[in-house]
């Protein structure tokens, strides 16, 4: 199953040095999930050939402009481009008030339904479950209510070993139970162990999106063993005071989070406008957690087993 | 006196084909005036090296997203970049409600004063007068309240012919009256005609920004003799029904407006997403009014005598 994320914006606060503020798009089994939607996200989608019509879910971490100001424009373009199917938006409740006000004054009635799921930044909770994933909010510690999002692939069924099943002439009604991991008892009483009948399904993968936050204990347990961890790294560690004051994280701290939660891989992003080049941020994180990459716009990271 | 306009966005409705929705910046005597501010305007300003810190006035024609969705992001960036001086915003009254709501939920108090002048799309009126220009609203006929903006350079004083003034030993207290066009009566009763004492000042130039509108009579008289006319030309004339239905103008009609108001030059913009290339729109307008150019993003047009 495809499970990958493409970076659409990597800047914090303001666009600068050809970096756009935060947005990412996940492709999970050929469905697109947009995560944050800064100003210019729809332009970035055109640039990187991400089809807005394929997005069914949009997640907004918090209501700082660099995470959501592209949303109304995107909704409007979807409307103008003939969208009919429902769009689900996950985010803080006031987002609806903001969108409604802007639609009201532009006298626009969208041609498709918007369905809202309001997030609560004080508790973790599953906000979406479909055939492919669970999505949970990750309560973070920012200046205003803010959540990250944890995408956990569902456990998939084992695959039957076709030749073995045919050889034993197992009736089809047993297949679902065997796929789930059960053994098979033949009419003669022989027990065939599940691992002789199936190939184990891939381990469920996960993507943890840790948006703007102070580095605290509170979200670590929840993202343990994340296959891919995106963590903000607004500043170098020599700006720790500034990071604490603005409730952001340093690159070194992002590396520490990756170590502590035992992530397979780390992407850092949300870079401050003070950094024209990003090598120092990358080096700082890699010193702590070697398997780190920069959130480069247009780059796709596969969340692999 | 410098008087020029740089195109930052030329698309209607949605960004497409590397065209951004509407925004322009006027440089009048080294002060910047932003006219409309679609999503991505601040990115376009970075691209074309337009300094946000030099903008003192922002004009918003109407509350369709393709004309103002970049405003809150720009205001926020000005704040983050340390702006202290006041910014004047001219636009429909609900704009303040929209901005206030977004600042409230991002818990942002801007470090500089925003001063609003609310426009009334039913009457023309001077909304700004400073040492360089008058700015008038142009009531237009769009689906929601919408104004254009007419920038009229102030009449400048005549220049004294220094040698002639010295030769006649005209006392300095007479200079202001002579600069304004008065004749001079010498102590011996001789009358010296003004045109022998001064060089006429340049003729006041004007820039008419005709945003989204149906082609009607109502705004023509006001923009008569515009030095430079920007007029929307969303469609080719074979789409006239669609233009009428959506309260827009065709390229042919934009050319007709330029002829009827005796403009020196026409720029057409606000191109529909249906046109990947723009040659046909340009040709259609030029057939009616030859001195027409396309609103090309990044291009600066001098409003010349």
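The values are calculated or read from the model by the stated rules, or taken from the named source; none is laboratory data. The structure displayed is predicted, hence computed values, not measured ones. Methodologically, a virtual Cβ is constructed for each residue, glycine included, from the backbone with ideal geometry; neighbour enumeration extends over all protein chains shown.
Scanning segment A:111-144 for residues that are surrounded by 15 or more Cβ atoms within 10 Å (Cβ to Cβ), touching a helix residue (DSSP H, G or I) at 6+ places or on another chain (Cβ under 8 Å) and not in a strand (DSSP E or B) yields A:124, A:143, A:144. Any residue in segment B:269-278 that is more than 17 Å from residue B:15 (Cα to Cα) and either crowded, with 18+ Cβ neighbours inside 10 Å or modelled with pLDDT under 95 (or both)? Scanning segment B:269-278 turns up no residue that is more than 17 Å from residue B:15 (Cα to Cα) and either crowded, with 18+ Cβ neighbours inside 10 Å or modelled with pLDDT under 95 (or both). Against the list (1) modelled with pLDDT of 95 or more; (2) touching a strand residue (DSSP E or B) at 6+ places or on another chain (Cβ under 7 Å), the condition residue B:103 fails is (2).
When restricted to residues that are crowded, with 24+ Cβ neighbours inside 10 Å and closer than 21 Å to residue A:143 by Cβ, segment A:16-35 contains 4. Listed by first and then second residue, the pairs with beta-carbon distance under 8 Å, at least 6 apart or on different chains, first residue in segment A:248-263 and within 15 Å of residue A:232 (Cα to Cα), second modelled with pLDDT under 95, are A:248/A:12.
Residue by residue, here is whether (1) farther than 20 Å from residue A:208 by Cβ; (2) in a loop (DSSP other than H, G, I, E, B); (3) in the same structural domain as residue A:211 (by TED's automatic domain parsing) holds:
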position: A:226; (1), (2), (3): no, yes, yes
position: A:229; (1), (2), (3): no, no, yes
position: A:244; (1), (2), (3): yes, no, yes
position: A:259; (1), (2), (3): no, no, yes
position: A:262; (1), (2), (3): no, yes, yes
position: A:275; (1), (2), (3): yes, yes, yes
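Which residues, taken from segment A:161-185, are outside any strand (DSSP E or B) and surrounded by 18 or more Cβ atoms within 10 Å (Cβ to Cβ)? Correct list: A:165, A:178. Scanning segment A:36-64 for residues being free of Cβ contacts under 8 Å to residues at least 60 places away in the same chain, in contact with a strand residue (DSSP E or B) (Cβ under 8 Å, 6 or more places away or on another chain) and crowded, with 24+ Cβ neighbours inside 10 Å gives a total of 7. Restricted to segment A:286-305, and to residues there that are in contact with a helix residue (DSSP H, G or I) (Cβ under 6 Å, 6 or more places away or on another chain) and over 16 Å from residue A:10 (Cα atoms), the residue that is surrounded by the most Cβ atoms within 10 Å (Cβ to Cβ) is A:289. Residue-level check: of (1) surrounded by 18 or more Cβ atoms within 10 Å (Cβ to Cβ); (2) within 13 Å of residue B:210 (Cα to Cα), residue B:158 misses just (2).
Among the residues of segment A:148-158, is any more than 13 Å from residue A:59 (Cα to Cα), in a strand (DSSP E or B), in contact with a helix residue (DSSP H, G or I) (Cβ under 8 Å, 6 or more places away or on another chain) and more than 14 Å from chain B (Cβ to nearest Cβ)? Within segment A:148-158, none of the residues are more than 13 Å from residue A:59 (Cα to Cα), in a strand (DSSP E or B), in contact with a helix residue (DSSP H, G or I) (Cβ under 8 Å, 6 or more places away or on another chain) and more than 14 Å from chain B (Cβ to nearest Cβ). When the test is whether a residue is surrounded by 22 or more Cβ atoms within 10 Å (Cβ to Cβ), more than 17 Å from the chain's Cα centre (by Cα) and within 27 Å of residue A:3 (Cβ to Cβ), residue A:235 does not pass it.
On inspection, residue B:117 does not qualify as free of Cβ contacts under 8 Å to residues at least 12 places away in the same chain and within 26 Å of residue B:220 (Cα to Cα). In a residue-by-residue description of segment B:93-101, the property of being surrounded by fewer than 24 Cβ atoms within 10 Å (Cβ to Cβ), closer than 24 Å to residue B:137 by Cα and either more than 13 Å from every other protein chain (Cβ to nearest Cβ) or touching a residue at least 60 places away in the same chain (Cβ under 8 Å) (or both) applies to no position.
For segment A:10-21, the criterion of being modelled with pLDDT of 95 or more and over 30 Å from residue B:52 (Cα atoms) is satisfied by no residue at all.
Here's the yes/no breakdown for (1) in a loop (DSSP other than H, G, I, E, B); (2) farther than 28 Å from residue B:298 by Cβ; (3) within 13 Å of another protein chain (Cβ to nearest Cβ):
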site	(1), (2), (3)
B:42	no, no, yes
B:45	no, no, yes
B:56	no, no, no
B:62	yes, no, yes
B:75	no, no, yes
B:83	yes, no, yes
B:89	no, no, no
B:108	yes, yes, yes
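Being modelled with pLDDT of 95 or more and within 9 Å of chain B (Cβ to nearest Cβ): is that true of residue A:5 here? The answer is no for residue A:5.
Using the structure shown, decide if residue B:34 is within 10 Å of another protein chain (Cβ to nearest Cβ) and either more than 17 Å from the chain's Cα centre (by Cα) or more than 23 Å from residue A:47 (Cβ to Cβ) (or both). Taking the combined requirement at face value, the residue does not satisfy it. Here residue A:253 meets each of (1) in a helix (DSSP H, G or I); (2) touching a strand residue (DSSP E or B) at 6+ places or on another chain (Cβ under 7 Å); (3) buried (at least 18 other Cβ atoms within 10 Å of the Cβ) with one exception, condition (2). When the residues of segment B:13-31 are filtered to those that are outside any loop (DSSP other than H, G, I, E, B) and away from chain A (no Cβ under 14 Å), the one that is farthest from residue B:1 (Cα to Cα) is B:24.
Filtering segment A:220-247 to residues that are touching a residue at least 60 places away in the same chain (Cβ under 8 Å) and under 16 Å from residue A:143 (Cα atoms) leaves A:232, A:234, A:246, A:247.
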